[in-house]
Every structure is written in structure tokens, then in C-alpha cells.
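Q: Please find one structure pasted underneath; my questions will follow.
The values are calculated or read from the model by the stated rules, or taken from the named source; none is laboratory data. This structure is a prediction, so every number in the text was calculated from the model and none was measured. Cβ placement follows ideal geometry from the backbone for every residue including glycine, while neighbour counts extend to all protein chains displayed. Surface areas here come from the heavy atoms of the whole protein model, side chains and all, with no ligands, DNA or RNA. Shrake-Rupley method; radii C 1.70, N 1.55, O 1.52, S 1.80 Å.
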Amino acid sequence: MKIVRVTYTTKAEYAEQNQANIKTVMADLQKLNRRGINYNACLSPDGKTFTHLAFMETDEDNKALIELPSFISFQTQLKASGPEAPPKQELLNLVGSSTDIFHS
């Protein structure tokens, strides 16, 4: 299992577009319906700091996410927007969960 947390801060004027791009990625992931991907994105109270948390069960699930056209577009547009704080990626280890993350 791979767990990735990414946090970044967009410019205020880009935050709404970033949310729209995230919603497109989420819709595409739902259509893809891969049980091995559990992906969440949250917005901080400042309205421009985003935290993404992705759980991938296998390397194939990770590949499916990073090769998803809407995900590539999301990343490209975010980089081009010139974020106030660039994405910071951290790899995490799961200690426990209240639910079955991958809903077998």
C-alpha cells in the first residue's frame, strides 16, 4: 500500500478553478471504479490551501491515478498557476483506520 499526502496553497484567484479541476479528477476516478484507489482532497478554512490524501493498494492503482488524463491536466494547470506554496508530498504509513479503506 502507498499513502501520499500533498499540501499546497494556490493564489486566491485560482482556488475556484483548482476546486473544479479536483472535482473533474474525482468524477473520473469514480467512473474508473478502481477499488484500490481511495483519494480525498480537502480545503483549509483560508480557502486556498489544499490537502490531498491518496491511498493506493497496488503499484497498478498508483499508475492508474498518475496516468489519468484529468489528473495530468490538474497537475499541469496547478503548476502553471504559480501556487503561493508549491505542492509538498509526504509518504505516510498507516497506523489504523476506522473503516476498510479499499472496501473489498
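Q: Given just the C-alpha atoms of region 40-87, how large is their convex hull per residue in cubic angstrom? Each step should come with its number before you reach the end.
A: Details: hull volume 3.8 nm³, N = 48.
For region 40-87, the hull spanned by Cα atoms encloses 79 Å³ per residue.
Q: Using alpha-carbon pairs under 8 Å, 6+ residues apart, how would you state the relative contact order of the chain in percent? It would help to have the intermediate numbers written out before the result.
A: Numbers: 149 pairs, mean separation 48.7, N = 104.
This gives 47 percent for the chain.
Q: Cα axis of helix 15-32 to longest principal axis of the chain: angle in degrees, 0 to 90, nearest 10?
A: 20
Q: Would you mind putting 83-94, 40-51, 13-24 in packing order, based on average other-beta-carbon counts within 10 Å, highest first?
A: Values: 83-94: 11.1, 40-51: 13.7, 13-24: 15.7.
Peptide ranking by packing, descending: 13-24, 40-51, 83-94.
Q: Averaged per residue, what accessible surface does region 15-104 expose to a 1.4 Å probe, in Å²?
A: Working: 5880 Å² over 90 residues.
With the other protein chains kept in place, region 15-104 gives 65 Å² per residue.
Q: Where does the chain land on Rg(C-alpha)/(2.2 N^0.38 Å)? Each step should come with its number before you reach the end.
A: On the way: Rg = 13.7 Å, N = 104, 2.2 N^0.38 = 12.8 Å.
Ratio of Cα Rg to 2.2 N^0.38 Å: 1.07.
Q: How much length, in nm to one decimal, is gained on full extension between VAL4 and ALA20, taken as 0.36 nm per residue of separation minus their Cα-Cα distance? Working shown, then result.
A: Values: separation 16, 0.36 × 16 = 5.76 nm, distance 2.12 nm.
That pair, VAL4 and ALA20, stretches by 3.6 nm at full extension.
Q: Determine by what factor the alpha-carbon radius of gyration of region 64-104 differs from 2.2 N^0.38 Å, reporting the quotient.
A: Working: Rg = 14.8 Å, N = 41, 2.2 N^0.38 = 9.0 Å.
Normalised by 2.2 N^0.38 Å, the Cα Rg of region 64-104 equals 1.64.
Q: Over the chain, what percent of the accessible surface lies on carbon and sulfur atoms, probe 1.4 Å?
A: Numbers: 3380 of 6610 Å².
The value for the chain is 51 percent carbon and sulfur by accessible area.
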